[in-house]
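The values are calculated or read from the model by the stated rules, or taken from the named source; none is laboratory data. Computed from a predicted structure; not experimentally measured. So basically every Cβ, Gly included, is an ideal-geometry build from the backbone, and we count neighbours across all protein chains shown. Just so you know, the surface numbers come from the protein's heavy atoms only, side chains and all, with ligands and any DNA or RNA stripped out. Shrake-Rupley method; radii C 1.70, N 1.55, O 1.52, S 1.80 Å.
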Amino acid sequence: MAFDITINGARHQVDVDGDTPLLWVLRDVLGMTGTKFGCGAALCGACTVHMDGQPIRSCITPVEAVGAAPITTIEALETLPVGPALQAAWVALDVPQCGYCQSGQLMSAAALLTETPQPSDAEIDGAMSGNVCRCGTYPRIRAAIHRAAGAA
């Protein structure tokens, strides 16, 4: 079945089953590999993208559920108002270690700063609690979000 979806401002027509997870449409059909597969059960946040500005787990979101809602992936982070500040903070504070979870972390952080421009530690912890980092970079992620909030 064909679906028309908007990814990072560009319209795409994809011919997949309606229950195909958005993650596989992004990665396998459209070749956008910035969004990562982690657990496949929405527990780790590695696959986080924005749907209509809200963070979602693309591994459990069927493409038929997207409809006309715009999807934003890590490939378009820099186009978000908070994106450049987040990228600069991530680099300045050497946040990534293995880096695998970072696209999901950044997309969750972007959603947080869009909704809450000056978040407290508790707000950051709450917003980021669904994103798992096996390297344990949580203190640097929190510091980078605070730094980006100051620059945004």
Looking only at region 122-152, which residues have a backbone nitrogen under 12 Å from a spot 7 Å from the Cα of residue 88 in the C-beta direction?
147-152
With the contact rule set at Cα under 8 Å and sequence spacing of 6 or more, what percent relative contact order holds for the chain?
24
Largest-first ordering by accessible area, 1.4 Å probe, given options 120, 129, 58:
129, 120, 58
For region 91-152, what percent of Cα pairs sit more than 13 Å apart?
55
Tell me, what is the percent relative contact order of region 29-76, built from C-alpha pairs under 8 Å that lie six or more residues apart?
36
Along region 14-30, what does the Karplus equation 6.51 cos²θ - 1.76 cosθ + 1.60 (θ = phi - 60°) give for ³J(HN,Hα), rounded to whole Hz, x for Gly and Pro?
10, 10, 9, 5, x, 8, 5, x, 3, 3, 6, 5, 4, 6, 8, 8, 9
Would you mind computing, in nm to one decimal, how far apart the modelled labels at residue 69 and residue 129 are, each placed 7 Å from Cα along Cα→Cβ?
2.2
Which whole-number value in Å² is the accessible area per residue of region 47-152, probe 1.4 Å?
45
Based on DSSP H runs of at least 4 residues, each adding -39500 (n - 2.57), what is the mean residue ellipticity at 222 nm of the chain after dividing by all its residues, to the nearest 500 deg cm²/dmol?
-9500 deg cm²/dmol
Working from Cα positions, state the angle (0 to 90°, nearest 10) between the long axis of helix 138-151 and the longest principal axis of the chain.
90
Give the distance, in whole Å, between the Cα centre of region 1-63 and the Cα centre of region 127-146.
23
Carbon + sulfur, % of accessible area of the chain - ligands and nucleic acids excluded, 1.4 Å:
53
Among residues other than residue 102 whose Cβ falls under 15 Å from its Cβ, what is the net charge (Lys/Arg +1, Asp/Glu -1)?
+1
